[in-house]
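What follows is a short report on a single structure.
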Amino acid sequence: MSLFSIIISLIHILLIIVPVLLSVAFITLGERKALGYMQARKGPTLVGPYGLLQPIADGVKLFIKEPIKPSSAASWLFLATPILALTIALILWVPMTFPHQFSSINLSLIFILTLSSLAVYTILGSGWASNSKYALLGAIRAVAQTISYEVSLGLTILCIIVLAGNFNLTSIYESQTYSWFILTCAPVSIMWYISTLAETNRSPFDLAEGESELVSGFNVEYAGGPFALFFLAEYSNIIFMNALSTILLLGGGSPLEILGWPQTILVALKITFLSFVFLWVRASYPRYRYDQLMHLAWKTFLPLSLGLLTFIAAIPIALDFLPPY
Amino acid sequence: MSFVLCSLVFGGGVIVFMSRSPYFSALGLVLATCGLSGVLMLGGAVFVGLILFLMYLGGMLVVFAYSAALAADIYPEVGAGKGLVITLVGAAVLAMVVEVSWGVVEVKGLGVQEDLLGISGLYLDSWAGLLLGAFGLFVCLFVVLCLVRGVGRGALRAV
Amino acid sequence: MSKMNPLLYLFMLSTVILGTIIVFLSSHWFFIWLGLEINTLAFLPLLVASYNPRSTEAATKYFLIQALASALLLLGGLLHAATINSWDPSSPLTPLPLTLLLIAIALKMAIPPCHNWLPDVLQGLPLLTGLILSTWQKLAPFYILITIQESIPTWLIVTAGFFAALVGGWGGLNQTQIRKLLAFSSIAHIGWTIAIIPFSPQLATLNLIIYFTITSTLFLAFHTLHTLNLANLSNSTNFAPWLTTLTLITTLSLAGLPPLTGFLGKWLIIQELALNTNTPAILILVLGNLLSLFYYLRIAYVISLTLSPQHTTSTLAWRTSPSSSNFPLALLIILSTCTLLISPSWLPLTF
């Protein structure tokens with residue numbers, strides 16, 4: 001491998017990392033602004049025009065602060081988990097279609113599910129390595145919630161796989177050229193969206209880090225740089241989940257695809273809209289109780305999505321055709 | 001690449017038996033499985049590798065790690081040191097074995113994979129074996145539930 | 001001491017049996033492994049069915065050993081499949097898979113040098129569970145051993161056999177616990193059984209069946225007598241005189257003394273080995289059995305010869321009405337003492 005191709009590869013990697021991190025920076029600002037206006041106030045305004053430089057100031061502040069490590073924490077695990085969290089969150093973007101991919105992976109949906117299930121270990125590891133009751137309890141709540149909702153996420157994805165006939169995101173994107181999957185499987189889509197809210201530990205399912213009760217959950221012992229890594233990973237996951245919803249259910253750039261217009265803009269707009277709904281939900285709904293959360297996952301979503309999976313899998317067979325064709 | 005994966009497998013195994021707290025053992029299993037799935041994928045069984053990763057890590061082992069995290073360890077530690085050396089030597093040997101036996105491994109691209117054909121064969125020809133395996137897993141689950149239930153029903157407990 | 005739910009017990013017991021049957025019916029290393037795993041896993045709740053710390057320890061030891069054995073067996077089967085591209089257990093084995101499989105079987109059947117778990121595990125169990133452990137649980141690995149015996153070098157299996165006979169004899173010398181004695185007797189008998197496998201698998205099976213019959217009788221008898229060590233045994237004459245006497249005879253049968261059933265297997269094995277001019281093996285097996293005879297005779301001594309010469313002051317149990325009849329035990333006692341007498345009529349069938 002020549003030096004030139006190594007540089008090209010590095011540029012490719014940066015081309016995916018830099019926009020993701022930038023969008024993470026601006027979604028934090030967007031969140032504060034949106035929440036501010038929903039509560040009839042302005043949000044950050046002082047740093048830069050309309051507060052646009054606020055996320056950069058926040059980032060700089062976080063990274064120049066001292067990263068405190070509790071003396072009783074498990075040393076290498078305590079530092080390894082935030083790094084792992086951000087790494088996984090960034091690797092998740094590799095097979096994403098806008099409609100062009102960084103890497104075309106045949107089984108990209110399984111790849112995504114796999115990596116997002118691996119993200120649970122970073123939460124558990126950080127909570128445990130902190131060696132603090134609050135961090136451990138927060139981590140355990142977060143893990144229980146995440147793996148519960150992963151089940152319904154997986155079943156929902158299976159519904160779409162059955163209809164698209166492929167694990168590949170590109171072919172799922174292409175199979176929605178004339179009709180979005182949100183129309184074909186509407187109830188599943190609603191469950192999917194709620195599950196993504198729960199999977200990313202967003203309000204109203206933010207039981208892992210409910211500020212006043214659990215003192216911020218699994219990352220309570222983190223400060224400075226490692227905390228910033230967790231923060232970046234969390235918001236990157238939020239944007240990623242919305243991007244995935246866009247590709248899986250909202251057809252990506254689908255109406256424009258027929259006209260041959262650039263679809264990336266439409267994909268981006270849809271992702272922005274879905275992310276805005278995340279913030280909207282946060283401003284509107286009170287937090288769930290923990291038993292209600294588990295009840296919703298195991299006693300409502302699981303049977304419902306299993307039944308719908310059977311139903312959706314039966315439709316192509318009943319109509320006598322196999323999905324990709 | 002195979003060197004990294006094999007060192008993951010071997011290092012994970014070493015961590016499992018070197019660590020003094022069960023939580024690190026669980027994490028060692030995570031590492032080992034990551035490496036093993038990677039080796040499977042490099043060998044061309046992408047689907048099997050990913051599904052192993054998904055089910056074993058995402059479904060099963062997380063519960064194990066979850067329970068292990070509740071074990072009371074005030075100053076958890078993993079006894080490293082010698083283990084690290086053993087890991088590196090072992091990984092080198094394993095990597096060499098894999099390299100020699102498979103030649104230059106390459107990632108398979110788009111198209112139908114052999115392992116997918118094998119999996120469909122599992123449902124088509126050897127369905128009885130599949131049912132038997134499912135029954136074995138069911139027995140395993142049932143036995144674990146039996147063993148960890150209350151003492152009155154015959155639990156595996158020291159006190 | 002709390003008991004398990006009877007329905008659960010029944011389910012587990014039938015799954016134990018099912019696992020062994022799966023091993024019998026399989027012609028594929030993976031399903032042999034699966035059957036063994038089902039068998040082992042379903043046996044674990046039975047081990048802790050009557051809860052006490054000893055049984056917990058026994059179950060843990062049993063699980064660890066058997067899990068290791070199963071993993072080795074699967075590894076051996078996989079290597080076998082990788083080298084000669086066949087999952088068939090009867091196809092000839094190359095040395096590495098063969099070694100792994102032999103270690104796995106030795107662990108499963110407690111053949112020396114992998115035998116040390118058996119006395120410990122058996123000591124932690126109630127006698128009836130111990131009965132299952134020392135009879136039914138040996139069937140599946142024995143079947144695998146018979147299946148692959150063509151690939152095993154004769155010297156290796158005969159050496160393992162007389163080694164087992166010696167270890168089984170020596171191990172039991174210092175024991176005063178009935179269950180440990182039975183464990184060492186099990187090791188010794190497995191030694192006799194596997195030593196004959198290369199020459200006549202039918203004879204090995206016959207010897208295993210005879211051993212199963214006699215050891216089941218002893219387990220059931222000691223269960224009826226509520227006896228767990230030699231000290232208690234000397235009292236048992238007082239409340240079950242007939243059963244105690246018959247236990248004495250059955251013990252001698254286990255030792256292989258001539259007019260009793262136990263002699264049958266040993267006689268035929270010695271004859272078969274002599275036909276194959278394997279005199280050293282005969283010598284060592286018989287010497288090992290001599291060591292075992294010491295502790296069998298000690299049981300016999302404690303049962304019958306330490307009675308005080310006076311009449312007992314208490315009422316002997318045979319003068320009161322028997323509390324319950326025990327038909328299986330009666331049948332097993334007849335089988336384990338008198339089979340030699342009827343054997344010539346059906347013995348030709350086994351050769």
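Which of A:A57, A:A313, A:A73 ends up with the largest GNM mean-square fluctuation for chain A, with Cα atoms connected below 10 Å?
Taking springs between Cα atoms under 10 Å, the residue moving most is A:A57.
Add +1 for every Lys or Arg and -1 for every Asp or Glu among the other residues with Cβ under 14 Å from the Cβ of A:S245, and state the total.
+1
Where the centroid of each part is defined by its Cα atoms, how far is region A:161-191 from region B:16-56 in Å?
Region A:161-191 and region B:16-56 have Cα centres spaced 31 Å from each other.
Quick check: Cα centre of region C:169-194 to Cα centre of region A:1-58, how many Å?
Measuring centre to centre over Cα atoms gives 75 Å.
Given a Förster distance of 56 Å, report the FRET efficiency between C:F11 and A:L21 from their Cβ-Cβ distance, rounded to the nearest 0.05.
0.50
With all protein chains present, how much of the accessible area of chain C (probe radius 1.4 Å) comes from carbon and sulfur, to the nearest whole percent?
After summing per-atom areas, the C and S share lands at 71 percent.
Quick one: with all protein chains in place, what share of the accessible area of region A:187-257 is carbon or sulfur, to the nearest percent (1.4 Å probe)?
Result for region A:187-257: 68 percent of the exposed heavy-atom area is carbon or sulfur.
Kindly express, to the nearest 10 degrees and within the range 0 to 90, the angle between helix C:95-109's C-alpha long axis and the longest C-alpha principal axis of chain C.
20 degrees
If amide H atoms are built 1.01 Å from N in the plane of the peptide, which residues on other chains or at least 5 residues away come under 5 Å of the amide H of C:N229?
The answer is C:I178.
Grab the eigenvalues of the alpha-carbon gyration tensor for the protein assembly as shown, scale each by 5, take roots, and send me the semi-axes largest first in whole angstrom.
64, 30, 25
Heavy-atom accessible area per residue, the protein assembly as shown, 1.4 Å probe: how many Å²?
On a per-residue basis, 46 Å².
Rg and Dmax of chain C, using alpha carbons, in Å: what are they?
When restricted to Cα atoms, chain C yields Rg and Dmax of 20.5, 74 Å.
Angle, helix C:241-255 long axis vs. longest principal axis of chain C, Cα atoms, 0 to 90°, nearest 10?
Roughly 30 degrees between the two axes.
Would you mind giving the total buried accessible surface between chains C and B, with a 1.4 Å probe and ligands, DNA and RNA left out, rounded to the nearest 100 Å²?
1700 Å²
Using alpha carbons only, how many angstrom separate the centre of region C:54-73 from the centre of region A:255-325?
Measuring centre to centre over Cα atoms gives 46 Å.
Using a Gaussian network model on chain A with a 10 Å cutoff between Cα atoms, which of A:M241, A:M38, A:M96 fluctuates the most?
Looking only at A:M241, A:M38, A:M96, the largest GNM fluctuation is found for A:M38.
For a protection proxy built on the mean count of beta-carbon atoms within 10 angstrom, sort B:123-135, A:265-277 highest first, please.
The densest-packed peptide leads the list: A:265-277, B:123-135.
Could you compute how much accessible area chains B and A hide from each other, both sides summed, with a 1.4 Å probe? Nearest 100 Å² is fine.
Buried: approximately 2400 Å² between A and B.
Find the relative contact order for region C:1-123 and round it to a whole percent, using C-alpha pairs within less than 8 Å whose residues are 6+ positions apart.
Taking the mean separation of contacting Cα pairs over the length of region C:1-123, I get 24 percent.
Choose one answer from C:A42, C:A221, C:A240: the residue with the largest mean-square fluctuation in a GNM of chain C with alpha-carbon springs under 10 Å.
Among C:A42, C:A221, C:A240, the largest GNM mean-square fluctuation belongs to C:A240.
Taking a 19 Å limit on the Cα-Cα distance, which of the listed pairs A:K65/A:K133; C:K180/C:K266; C:K108/C:K180 fall beyond it?
The pairs that break the limit, which is 19 Å between Cα atoms, are A:K65/A:K133; C:K180/C:K266.
The values are calculated or read from the model by the stated rules, or taken from the named source; none is laboratory data. These numbers come from a predicted model, not from an experiment. We place every Cβ from the backbone using ideal geometry, glycine too, and count neighbours over all the protein chains shown. Just so you know, the surface numbers come from the protein's heavy atoms only, side chains and all, with ligands and any DNA or RNA stripped out. Shrake-Rupley method; radii C 1.70, N 1.55, O 1.52, S 1.80 Å.
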